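Encoded as C-alpha cells, the structure appears first; notes follow it.
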Amino acid sequence: MRPAGRFPLIGIIGPNASLCPPALYHFGEALGRRLARYPVGIVCGGMGGFMEAVCKGVKSAPHAFSGPTVGILPSETPQDANPYIDIVIPTGMGTARNVLIVNSAALLIAAGGGAGTLSEIAFAWQRRKTVLCVQGFGGWAEQTAGRQLDSRADGLLIPVSSIEAIDTYIQQFLQDRTH
C-alpha cells in the first residue's frame, strides 16, 4: 500500500509548442481530462505544446484532480513553466533534464515528438519503463511504437490509438500497483 498523499506520476512526453499541431494539443487536453479521474500526478518538461495541453486538461476536468502537475524545466527560470504546472522545478540542465522526467515517472505516455521525445523514449527503454506510444500524430512516438530498441527488453513501447486504450491500460496499471 502506498503512503497517504503519494501519487504515482504519469510522465507526459511529446512536442513543445513550436512542434505541436492543433489536433495533438486538443488530444492532449482530452487525455488530461481523462487522467484527472485517477489518483495520479503528472510529470513533464513543464513547457508548452503537448505537455501544456495535458496539464490544462487535468486542471479543467469536471472531476476533482487529486494529484500535482510537476514541470521539470530545462531552464533556470520558473516563469518558463506553462500556467497549469503546480510544482515547478527549474533545472538549468537543458535537455539533460529528460532523464529526470523519465526517472520520476511510473509510466509514460508519448505522442508525436522530435529528438527530445526520442531521448525520453530511449531513457525509458533503458530503465525498463513502459511507454504508451500514441498513434496517429506521427513523430517518434509513432515510429517507436511496438518496436524493440535493442536486446535489453521487449514489449515496453505499447502502441495505443485512442484515449480509451490509454484509459484501459492505466486502470490495469493502477490495479496492479495495489495488489
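Values quoted throughout were computed directly from the atomic coordinates according to the rules given, and no laboratory measurement underlies them. Not measured: the values here are computed from a predicted model. Please note: Cβ atoms are built from the backbone with ideal geometry, for glycine as well, and neighbour counts cover all protein chains shown.
Between Glu164 and Ala23, how high is the FRET efficiency from 1/(1 + (r/R0)^6) when r is the Cβ-Cβ distance and R₀ = 25 Å? Nearest 0.05.
Numbers: r = 17 Å, r/R0 = 0.69.
That gives a FRET efficiency of 0.90.
According to a simple spin-label model (label point 7 Å from Cα along Cα-to-Cβ), what is the distance in nm between Leu149 and Ser66?
3.2
Using a Gaussian network model of the chain with C-alpha springs under 10 Å, which one of Ser119, Ser66, Ser18 is most mobile by mean-square fluctuation?
Residue with maximal mean-square fluctuation among Ser119, Ser66, Ser18: Ser18.
Using the count of nearby Cβ atoms within 10 Å as a rough guide to exposure, how do Ile158, Ile10, Ile166 rank from fewest to most?
Ile158, Ile166, Ile10
Using θ = phi - 60° and the Karplus curve 6.51 cos²θ - 1.76 cosθ + 1.60, what whole-Hz ³J(HN,Hα) does each residue of the range 68-82 get, with Gly and Pro shown as x?
x, 9, 10, x, 9, 7, x, 9, 9, 10, x, 5, 6, 5, 5
Taking a spot 7 Å from the Cα of Arg6 along the direction of its beta carbon, which residues of the range 145-179 have an amide N less than 19 Å from it?
Hits in the range 145-179 for Arg6 at 19 Å: 173-179.
Any chance you could list P(r) for the chain, counting all Cα-Cα pairs in 5 angstrom bins from zero, rounded to whole %?
Final binned percentages: 2, 9, 19, 24, 23, 15, 7, 2, 0.
Can you give me the long-range amide H partners of Gly11? Hydrogens built in the peptide plane at 1.01 Å from N, cutoff under 5 Å, separation of 5 or more residues or another chain.
For Gly11, whose amide H was placed from the backbone, the distant partners under 5 Å are Val43, Ala106, Leu107, Leu108, Ile109.
Pop a pseudo-label 7 angstrom from the Cα along the beta-carbon direction at both Arg128 and Met93 and give the gap in nm to one decimal.
Each label point lies 7 Å from its Cα, and together they span 2.2 nm.
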